[in-house]
Amino acid sequence: MRGFYSRKIHSLLGVIPLGAFFLEHMLTNFAAVEGGASGFTDSVLWLNSLPLVFFLELFGIWLPLLYHGVYGLYIAYQSKPNLNRYNLERNWRYTLQRITGVVTFIFIVWHLWDTRVQVALGKVEHDQLGGVMHNIVTQPLLMTLYIVGIVAACFHFSNGLWSFLISWGITVGPRSQRVSSVLCLGIFVIVTFMFVLSLVTFRNDEFQTAAVAMQSLRSFI
Amino acid sequence: MAETAAAPKNVKFIITRQDEPETSPYTEEFELAYRPGMNVISALMEIQRNPVNAKGDNTVPVCWESNCLEEVCGACSMVINGKPRQACAALIDNLEQPVRIEPMKTFPVVRDLVIDRSRMFNALKRVKAWIPIDGTYDLGPGPRMPEKKRQWAYELSKCMTCGVCLEACPNVNEKTDFIGPAAISQVRLFNAHPTGEMNAEERLDALMEDGGIDGCGNSQNCVRACPKGIPLTTSIAEINKQTTKHMFKRWLGV
Ligand code: HEM
Ligand code: SF4
Ligand code: FES
């Protein structure tokens with residue numbers, strides 16, 4: 001396919017459905033902050049009770065992620081960063097967009113392995129995911145890596161919105177691009193705050209009971 | 001004597017040279033006596049007159065290109081102290097020393113500081129950056145351009161195809177075939193012209209081919225680097241809008 005169209009699809013998929021799912025994921029996690037372990041489990045179960053959830057996941061997440069991620073790696077590879085010559089804010093964001101894309105890619109593979117893949121393999125049930133997360137984020141090294149991955153994903157999403165608006169000719173002049181910069185910075189702060197707060201909440205002991213239950217289940221199997 | 005004569009100041013240059021397109025580059029140092037108001041071109045002329053390097057050895061004069069000597073032709077673009085710019089407008093007084101001079105390696109190096117900017121002129125041909133009015137009979141006067149539009153269009157018309165914006169762009173390199181900011185801005189210029197507008201879609205089609213506008217990654221270095229202050233990122237976003245609209249129109253068949 002010609003570069004123009006494949007690139008437009010890459011750009012669109014970054015916002016719809018990936019960006020939309022990203023926000024949905026943020027809200028699901030935040031249920032842990034607001035409703036504790038049971039609140040989180042409820043919203044995971046609600047999500048999985050959606051009709052045709054298999055197709056929603058396939059066409060709403062897996063395939064778009066594969067396309068955007070793999071093509072994104074190629075776009076990042078094609079870039080020749082020049083921050084040494086142009087130490088400018090926009091050039092930093094351009095470079096970080098690529099770096100965070102790669103970091104997000106690695107993080108998503110790892111995170112999916114920990115969670116969705118284990119469910120698919122039948123080793124974990126959906127309602128035990130809170131416990132899985134508890135086991136991860138109570139280890140300082142893994143918690144640090146999770147925070148790095150999440151901040152990278154949040155930056156990639158927020159700055160991606162900024163460049164999406166340019167790629168589709170929505171913000172054209174310097175003024176609108178400045179205003180959208182501020183808005184996207186705001187989105188970055190809010191999204192990062194909510195994700196990290198959820199992560200911290202998963203450290204609470206109430207998620208441990210779920211974890212213990214899971215461990216006994218595992219040893220039982 | 002009340003005043004002592006100022007000690008003769010010297011200016012040091014480190015120049016990246018290359019004998020032929022395929023040979024590997026090397027650096028050579030030169031030291032010239034300071035003269036008030038000297039710039040990089042006058043220094044290169046000095047070396048041409050007296051081709052002796054800093055070690056005192058005779059050498060081959062450094063090759064470069066220049067024409068207008070007033071920053072309007074774009075021929076003398078080179079990388080001076082790490083920044084691509086016009087050598088004729090690079091005053092020694094404003095430069096850190098030693099002055100490091102390199103060719104703009106985004107383009108094929110012909111010799112020393114001489115580069116081949118053909119890709120830029122080919123890009124202008126590809127996007128049809130002109131207004132076709134030639135024909136077999138007089139078409140009469142075209143529609144008038146509103147003054148407000150003329151004012152910003154005039155800014156875009158200042159492009160001298162110097163290549164600095166391509167050199168500044170992290171997406172213009174050997175791994176991509178991105179056409180670069182200059183030609184995209186020219187499409188905006190000719191699509192804004194009341195007569196040029198009649199062929200707007202042909203130009204948009206050209207930018208939707210491989211190596212077209214999709215190569216932009218919004219680093220926005222170009223707009224900061226352009227010596228003519230051309231609003232390149234506004235042009236790119238505007239052409240993003242035009243190509244996106246054109247894409248939907250084509251799909252819907254209108
Ligand atoms: C899986 C790993 C990922 C990689 C390697 C990756 C890579 C990239 C790259 C290199 C770009 C820059 C494209 C450009 O500027 O032209 C980009 C843009 C973008 N990405 Fe990702 N990305 C990934 C995941 C995601 C995810 C999960 C989201 C959603 C939260 C996302 C949302 C976006 C958005 C909105 C854009 C802006 C599109 C545009 O400028 O037109 N990306 N991605
Ligand atoms: S847009 Fe500016 S930097 Fe680019 S070629 Fe034209 S004058 Fe040079
Ligand atoms: S000689 Fe024309 S721009 Fe320098």
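Here is how the numbers come out for the structure above:
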item: Verdict on B:E96 being buried (at least 19 other Cβ atoms within 10 Å of the Cβ) and more than 14 Å from ligand 2 (Cβ to nearest atom); result: no
item: In the stretch B:53-79, the residues that are surrounded by 17 or more Cβ atoms within 10 Å (Cβ to Cβ) and assigned to a strand (DSSP E or B); result: B:S77, B:M78, B:V79
item: Subset of the stretch B:206-221 [touching a residue at least 24 places away in the same chain (Cβ under 8 Å), outside any loop (DSSP other than H, G, I, E, B) and open to solvent by 10 Å² or more (accessible area, probe 1.4 Å)]; result: B:A206, B:G215
item: When residues of the stretch A:78-107 are limited to those that are facing chain B (nearest Cβ under 10 Å) and out of contact with any helix residue (DSSP H, G or I) (no Cβ under 9 Å at 6 or more places or on another chain), the one least open to solvent (accessible area, probe 1.4 Å); result: A:T95
item: Hits in the stretch B:231-254 (condition: without any contact (Cβ under 8 Å) to a residue 12 or more places away in the chain and more than 7 Å from chain A (Cβ to nearest Cβ)); result: B:K245, B:F248, B:K249, B:R250, B:W251, B:L252, B:G253, B:V254
item: Residues located in the stretch B:218-230, provided they are more than 7 Å from every other protein chain (Cβ to nearest Cβ) and under 18 Å from A:S180 (Cβ atoms); result: B:V223
item: Criterion (more than 22 Å from A:N82 (Cα to Cα), among the polar types (S, T, N, Q) and open to solvent by 40 Å² or more (accessible area, probe 1.4 Å)) met by exactly one of B:N50, B:N39; result: B:N50
item: Checking B:K241 against (1) over 21 Å from the mean Cα position of the chain (by Cα); (2) over 27 Å from A:Y86 (Cβ atoms), the condition it does not meet; result: (2)
item: Condition check for A:L56: farther than 30 Å from B:A168 by Cβ and exposed (fewer than 13 other Cβ atoms within 10 Å of the Cβ); result: no
item: B:E197 being open to solvent by 20 Å² or more (accessible area, probe 1.4 Å) and more than 10 Å from chain A (Cβ to nearest Cβ); result: yes
item: Residue in the stretch A:68-76 that is part of a helix (DSSP H, G or I), at the interface with chain B (Cβ under 9 Å from one of its Cβ atoms), at pLDDT 95 or above and open to solvent by 50 Å² or more (accessible area, probe 1.4 Å) present; result: no
item: Candidate set: the stretch B:83-93, residues that are more than 16 Å from B:C159 (Cβ to Cβ) and open to solvent by less than 20 Å² (accessible area, probe 1.4 Å); chosen: the one farthest from ligand 3 (Cβ to nearest atom); result: B:I92
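Here is a yes/no grid of residues against (1) more than 16 Å from ligand 3 (Cβ to nearest atom); (2) over 18 Å from the mean Cα position of the chain (by Cα); (3) over 30 Å from B:D177 (Cα atoms):
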position: A:A32; (1), (2), (3): yes, no, yes
position: A:V53; (1), (2), (3): yes, yes, yes
position: A:F59; (1), (2), (3): yes, no, yes
position: A:I75; (1), (2), (3): yes, yes, no
position: A:L88; (1), (2), (3): yes, yes, no
position: A:T104; (1), (2), (3): yes, no, no
position: A:W113; (1), (2), (3): yes, no, yes
position: A:E125; (1), (2), (3): yes, yes, yes
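The values are calculated or read from the model by the stated rules, or taken from the named source; none is laboratory data. Since the structure is predicted, the reported quantities are computational estimates derived from the model, not experimental observations. Here Cβ is always computed from backbone atoms with ideal geometry, including for glycine, and neighbour counts include all displayed protein chains. For the accessible areas, the whole protein counts, side chains as well, though only heavy atoms, and no ligand, DNA or RNA atoms are used. Shrake-Rupley method; radii C 1.70, N 1.55, O 1.52, S 1.80 Å.
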